[in-house]
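Trainee: Here it is: the structure, laid out below.
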Amino acid sequence: MQQSARCAGARLWHTLHCSRGQLAAATTACCHHNSHTATLRWSSSWASTQYSDLKRKVPDHILLMEVGNFYELYLEDAILVNSKLPLALSKKGMAGFPIHRKDAWIPQLQALFSAVAVADQCDPGVSATLKRQIARIYTPGTLLPEIDVEDDSPRHLTAIVADNLFAPAKFGLCVFNNITGQLHFDEMAPADLLTTLPGLDTVELLLINPDLRDDVCRILSKRGIAQSPSVPLTNSLHRLRCFNDTFVMGVPENWLARNTGDLPLPLSDLQRAAGNVVTNYLRRCYPKGLPTLLLPHQSGTNSQSTDANVSAASPQPSSPSSSFDVHVEDDVSALPPIDKEQLVIDADTRESLNLTVPRGKGSLLHVVDNTVSAFGRRELRSRLANPITDRHEIERRLDLVEYFYDNHEHGAALQRLLSACADPLRCLSSLSARATLSNTTVNLAKLAEFCTRVEMIVSSPNLAPDVSSVGGEQLAAALEDLHHFTKAVPRELFESANSSSAESDDDDDAETSVFPAPGFDATVDEQREIVSAILREAQKHAADISLDARLTEPMEGVLAMQIKPKLAAELKKSVRGFSLLKRGLYDTPRLQSLSLKLGHARRELTDAQMECARRVCGVLIANSHLFEKASRVLAHLDVCAGLARTATLREYVRPTITDGVDFNVVQGRHAILDALTAGDALHHFRPNDCVMDEHKSVIITGPNMGGKSTFLRQNALLVVLAQMGSFVPAEECTIGIVDKLFSRVGAQDNQVEGKSTFLVEMEETSNIVNNATARSFVVMDEVGRGTNSGEGLALAVAISHELAKSGCRSLSVTHHLQLPALCQDLDNVGVYKFVAEKDDDGRILFHHSIKPGIADDAHAIEVAAFAGHPPAVTDMAAIVLRSLQQQNFGHVDAAPIKAAMSNARR
């Protein structure tokens, strides 16, 4: 008993006097009845040795080692991190931060160094030395869900496996969404990777066999792939890992083989191989167990069209009445079939149209986003990145948007309830990734609140749908699906959660956790009673010594009495074993004995709570498909209600979707610029028509700053909005389904691969010419620039002829005024111009309106003057221009020009 009491006193003494490193070692030593004086000094050489041993297992990772309540870095890692982040470096070459701050520091470390490994303390067993082992590896594709970050953008981990290492003809893909745990499988030709991967928001890519790296990277980015892991490979891709063939089947327990037997469509060998790469890689990153994984049969639909089976209502396309005379293609059967479920958008087009990047006001996502839930935002982003080509599905989405547009009170009531909804899939992923009492309690409370919100939505009188419309029937079917969810979900499990604990997310708060609720688990209730009995006995002991003694617990598992010094002096004479600990804290042999019992009882309670948490989480994860379907239904409703609100606020209209090649827009507007200039009287956006009845290829001329490039992008954005199922910024809009969208607007050189701006432009243009079909929509800006005017014009004419021959709908802007004259006799080519004129003072006035015809001037010199060039430059430029015009831009005689310039200098 005296030996145990000395151990308890030693633990308290070290708590009050030792550093965090000394505390960890001293506490362990005392628990094994060793002399505490032998563990006061924690050898830095020992720490470095253990750190070095762990570092050899993860040489290309930043390593964090748990030491007491801190994560520490040593050696080169500490110096490297100190050079990039404000983490102090000690004289012994150490740096670190408190464990409870990991949500703030780990994302920063991962963003800077790509991969972060965490080594946690584990049970030392009979040894007095704490052991540590790798417990988690954070990479771009596996950072979430247990790390709480504000950015809820998709973070996809993608694996690619080729059928042939030397001349691959097919690739198998597996995509893991580490926010929701969803897996998506695909198989495609090499050329399709260029358009598929940019739409997946892949942040980490896994390849089998390093020999494929160059080929895949060449497909991924025409601008080349930097070999440094710190340089992004594409706009979103930040990490590429290569493995050998054994990694495909390198794990004895093949999770994928055990869980994909009942898929509606069996996986191909390539898809299964890619899935094995992902699951095996996840095992490396999650050594304690795989996170929650949702397979396609659990989600019920393709992950890129997540609302395809939300409603049982049959789609009945409807079009709003319109007096606009719509041209319908006479022979739709002559058009090529649409062989893709999604609108094909290559990487260049995504970049030029700003669909989802940059974050903030400059993207289309920001303009149309009026969702209120995390799952709604994910769905909206997915729809924007991957518009569809199924006209019936587009009409079904538009039907619900129109219903909320006409019944805005229903959409408002729905979104009020959704605004406080937790993200159930993220909660489930967090439960499987971090098995702590506080995390379990918090996420169970969130899931319980989610179920409550669903019940409120189902029973809300403000959401009683009008089933007389197609959209109303669809809403009724969605509510019925949600009603089935409330009946099927195991609600009794949520009785184990106490919502009052949902405010805390501190792992160190497990001791005060009320999980599970009293009466839910008999073993936990029994252990709680034991802990309470020990505390009552200690309280009685303190009261027996003195009514003025206050029982306290200066550290977990150590009981002491807080007594005033004068009273303590008297008690020291009368109470056997009464001793001073520190600053008014006293104990007795009896309290020391009770401290040991309390520590043991609390460990037993924690074990019982953790066992209960594992059982509850296991049942919830087994029913994750219920939450996935409910989340999918609510995401569909949230997106459609949000798009209806956008349409109301920004005066959008429902587009008419056809199976032909129509493109007729009345008073269309650029969605992004129109939103940015809303309410600005000085910068009002001028709408324009785009009618492509007679001519499917349109060549546009006009002055610089006249609005040509804006016009190109605005019509491309109309295609994206219409085919994602949104209303559009126009007075009237009819669009035939587009299979491929190409936007060649703006170009830059590629110094990595030694490519000039002109070569990059020609590569982009060749992609369009070789892949555009009669169903495609193409916008091209200033084709043929970057070389001499004669050859540039020749190329522009040839490319324009080829596009007209293909029958695709195309809008081309040029400063070659001869181009429209050389092409306007073609049956399928129309010629239009943007209008500008000079005022009485000679200043250029831009009308930003389009009309038939060819512009007679680019007004480049006037724009240069507007940009701030001095009169000496613009006046001389005007003189040179007049001389060139007099010589008809032919073989230039420099003498008259030099004479005119000389006179101008005088």
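The values are calculated or read from the model by the stated rules, or taken from the named source; none is laboratory data. Keep in mind it's a predicted model, so treat the numbers as computed, not measured. Here Cβ is always computed from backbone atoms with ideal geometry, including for glycine, and neighbour counts include all displayed protein chains.
Trainee: Can you give me the number of residues within segment 756-809 that are under 32 Å from the mean Cα position of the chain (by Cα), more than 24 Å from Ala722 (Cα to Cα), surrounded by 16 or more Cβ atoms within 10 Å (Cβ to Cβ) and without any contact (Cβ under 8 Å) to a residue 40 or more places away in the chain?
Mentor: Of the residues in segment 756-809, 2 are under 32 Å from the mean Cα position of the chain (by Cα), more than 24 Å from Ala722 (Cα to Cα), surrounded by 16 or more Cβ atoms within 10 Å (Cβ to Cβ) and without any contact (Cβ under 8 Å) to a residue 40 or more places away in the chain.
Trainee: Ok, one more. Of everything in segment 669-703, what is in contact with a strand residue (DSSP E or B) (Cβ under 6 Å, 6 or more places away or on another chain) and not aliphatic (A, V, I, L, M)? Give them in sequence order.
Mentor: Matches in segment 669-703: Arg686, Pro687, Asn688, Asp689, Cys690, His695, Lys696, Ser697, Thr701, Gly702, Pro703.
Yes/no matrix, rows are residues, columns are (1) surrounded by 22 or more Cβ atoms within 10 Å (Cβ to Cβ); (2) not in a helix (DSSP H, G or I):
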site	(1), (2)
Ala412	no, no
Ala420	no, yes
Ser430	yes, no
Val442	yes, no
Met456	no, no
Asp466	no, yes
Leu475	yes, no
His483	no, no
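Trainee: Now a separate question. Does segment 846-859 contain any residue that is touching a residue at least 12 places away in the same chain (Cβ under 8 Å), in a helix (DSSP H, G or I) and not aliphatic (A, V, I, L, M)?
Mentor: Within segment 846-859, not a single residue is touching a residue at least 12 places away in the same chain (Cβ under 8 Å), in a helix (DSSP H, G or I) and not aliphatic (A, V, I, L, M).
Trainee: Which residue, of Ala644, Ala675, is aliphatic (A, V, I, L, M), touching a residue at least 24 places away in the same chain (Cβ under 8 Å) and surrounded by 23 or more Cβ atoms within 10 Å (Cβ to Cβ)?
Mentor: It is Ala644.
Trainee: Is at least one residue of segment 809-828 part of a loop (DSSP other than H, G, I, E, B), of a type in the set (Val, Ile, Thr) and in contact with a Ser or Thr (Cβ under 8 Å, 6 or more places away or on another chain)?
Mentor: Yes, segment 809-828 has at least one match.
Trainee: Would you pick out the residues in segment 811-841 that are in contact with a helix residue (DSSP H, G or I) (Cβ under 8 Å, 6 or more places away or on another chain) and more than 30 Å from Ala798 (Cβ to Cβ)?
Mentor: If the condition is that a residue be in contact with a helix residue (DSSP H, G or I) (Cβ under 8 Å, 6 or more places away or on another chain) and more than 30 Å from Ala798 (Cβ to Cβ), then Lys838 is the only one that fits.
Trainee: Now, a different point. Given the condition within 45 Å of the chain's Cα centre (by Cα), of a type in the set (D, E, K, R), on the phi < 0 side of the Ramachandran plot and surrounded by fewer than 16 Cβ atoms within 10 Å (Cβ to Cβ), answer yes or no: does some residue in segment 823-837 qualify?
Mentor: No, every residue in segment 823-837 fails to be within 45 Å of the chain's Cα centre (by Cα), of a type in the set (D, E, K, R), on the phi < 0 side of the Ramachandran plot and surrounded by fewer than 16 Cβ atoms within 10 Å (Cβ to Cβ).
Trainee: Within segment 788-802, can one find any residue that is under 21 Å from Asp346 (Cβ atoms) and in contact with an Asp or Glu (Cβ under 8 Å, 6 or more places away or on another chain)?
Mentor: Within segment 788-802, not a single residue is under 21 Å from Asp346 (Cβ atoms) and in contact with an Asp or Glu (Cβ under 8 Å, 6 or more places away or on another chain).
Trainee: A further question on this structure: Return a yes/no flag: does segment 43-54 have any residue that is over 30 Å from Leu596 (Cα atoms), of a type outside the set (Asp, Glu), at pLDDT 85 or above and within 29 Å of the chain's Cα centre (by Cα).
Mentor: no
Trainee: Being outside any loop (DSSP other than H, G, I, E, B) and modelled with pLDDT under 90 is the filter here, so list the residues in segment 676-707 that pass it.
Mentor: Across segment 676-707, the qualifying residue is only Leu676.
Trainee: Please give the number of the condition Lys91 fails out of (1) modelled with pLDDT under 85; (2) touching a strand residue (DSSP E or B) at 6+ places or on another chain (Cβ under 6 Å).
Mentor: Among (1) modelled with pLDDT under 85; (2) touching a strand residue (DSSP E or B) at 6+ places or on another chain (Cβ under 6 Å), the lone unmet condition for Lys91 is (2).
Trainee: Just to be sure before I move on: is Ile219 modelled with pLDDT of 65 or more and more than 21 Å from the chain's Cα centre (by Cα) in the structure I sent?
Mentor: Here the answer is no, as Ile219 does not meet what is asked.
Trainee: In segment 474-500, how many residues are out of contact with any helix residue (DSSP H, G or I) (no Cβ under 8 Å at 6 or more places or on another chain) and modelled with pLDDT under 75?
Mentor: Selection size over segment 474-500: 3.
A quick yes/no check of all residues on (1) surrounded by 15 or more Cβ atoms within 10 Å (Cβ to Cβ); (2) part of a helix (DSSP H, G or I); (3) more than 16 Å from the chain's Cα centre (by Cα); (4) at pLDDT 90 or above:
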residue: Asp307; (1), (2), (3), (4): yes, no, yes, no
residue: Ser311; (1), (2), (3), (4): yes, no, yes, no
residue: Glu351; (1), (2), (3), (4): yes, yes, yes, no
residue: Val367; (1), (2), (3), (4): yes, yes, yes, yes
residue: Glu379; (1), (2), (3), (4): yes, yes, no, yes
residue: Glu395; (1), (2), (3), (4): yes, yes, yes, yes
